[in-house]
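The values are calculated or read from the model by the stated rules, or taken from the named source; none is laboratory data. Predicted model, so just to flag it, every value in this text is computed and none were measured. Note that we place each Cβ from the backbone using ideal geometry, even for glycine, and neighbour counts take in every protein chain shown. Heavy atoms of the whole protein, side chains included, go into the accessibility calculation; ligands, DNA and RNA do not. Shrake-Rupley method; radii C 1.70, N 1.55, O 1.52, S 1.80 Å.
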Amino acid sequence: MNERPALHSPEHTQHLLQDLVMTCTGLDDFLQRLVEVASGALAEDPGQVMVGVTVLRQRAKAAITGTCPAAHTLTAIQYRFGDGPAVQAAAGETVEVADFLRSADFPLYGTAALQRGIRSALGVPVPLDGPTTAVLTYYAREPRAFPEETVHRAEQFTASAATPLGLTVRLAGLTDKTEQLAAAMESRTTIDLAAGVIMARRGCTQDEAIGLLRAASSSRNMRLRDLASNVLASTVEAPVSTHFD
């Protein structure tokens, strides 16, 4: 049985979306579940409406997900073109295209949508705090598929999704920072071990050994960590690995 949270009270929708934060394994998983719930919230038959979502974070790759491959493509190509209802809705206002066949808006994207059998679309921003932006985009094969009542329902849904999505984005950011820190620590250890090898071979200080590594890295156009790994590999039969679990 399909859940249709927007047909219930806003409180019911909020609780359902908060449950996703607890049960999903990360941002991508949350977004996949989010578009599925959003599709069921807008139409009695979720197959009538395809949904894509885009989350744009600073210093992170855009997260794009759809209820099906077609929805993913329809969403992704908007950012390739720099044109489309999702791109415009990211500024903070809902954008509706009643019929791409008759609309002069988004001519480049409109042609691509029509080629894929899409006649109407609705881009609804998710009101997030901070620099992150998110947009849910609904697609239909029928023209004028999003009357005023449906637009209101979609906006109600995105308002309910804002807090759970914002929390999931922040958790994803913390995970990214943790992984980056672990990678930096592993890289630093590899470099320090290689410096120790050079110190033993040359009888120099650690600063001098690091300087030699940096000079060689620059002259060979090689990353410092990769060069350090080569030094270690030349010293032992098996490559030395470091782990931070």
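Carbon and sulfur: what percent of region 27-121's accessible surface (1.4 Å probe)?
Roughly 48 percent, rounded to a whole number.
Based on the alpha-carbon gyration tensor of region 32-141 and its eigenvalue square roots a ≥ b ≥ c, which shape applies: rounded if a/c is under 1.5, prolate if not and a/b is larger than b/c, or oblate?
oblate
If packing is taken as the mean number of other Cβ atoms within 10 Å per residue, what is the order of 22-30, 49-57, highest first?
49-57, 22-30
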